[in-house]
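Step one of this worksheet: look at the structure below.
The values are calculated or read from the model by the stated rules, or taken from the named source; none is laboratory data. In this text, all values refer to a predicted model and were calculated from it rather than measured experimentally. Virtual Cβ from ideal backbone geometry, glycine too; neighbours counted across all protein chains shown. We work out accessible area using only protein heavy atoms, side chains counted, and drop any ligands, DNA or RNA first. Shrake-Rupley method; radii C 1.70, N 1.55, O 1.52, S 1.80 Å.
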Amino acid sequence: MKVDRYVEPEEFDRWKQIAEDLGFLYVASGPLVRSSYKAGEFYIENILRGKAADRSKAKDIKDSLMVHLEGNPSLSTSN
């Protein structure tokens, strides 16, 4: 097959950003990526990584709130 053109890495990045903006949960965009290549595996890995990040963020928010409540007795829920 004859090469039509060289696709710059920035174009792959642009298409990845477009897909993410459209709500795709995982995007593999690069010169040697096929649409079906390990798609399921990467999708699940990305979902699990996102859930772990969400749990970590929720814990950070909870910890911050507890510190704030402990420093302000009038806001405590135990009163």
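Observations
- Single condition L32 does not satisfy, out of (1) at pLDDT 75 or above; (2) in a helix (DSSP H, G or I); (3) surrounded by fewer than 12 Cβ atoms within 10 Å (Cβ to Cβ): (2)
- Candidates D63, D54, D4, filtered to the one that is open to solvent by 60 Å² or more (accessible area, probe 1.4 Å) and either at pLDDT 80 or above or among the polar types (S, T, N, Q) (or both): D4
- Just one of the numbered conditions (1) open to solvent by less than 100 Å² (accessible area, probe 1.4 Å); (2) modelled with pLDDT under 75; (3) aliphatic (A, V, I, L, M) is not true of I44: (2).
- Residues within region 8-29 that are in contact (Cβ under 8 Å) with a residue 12 or more places away in the chain, over 16 Å from I47 (Cα atoms) and either touching a Ser or Thr at 6+ places or on another chain (Cβ under 9 Å) or surrounded by 12 or more Cβ atoms within 10 Å (Cβ to Cβ) (or both), tallied: 5
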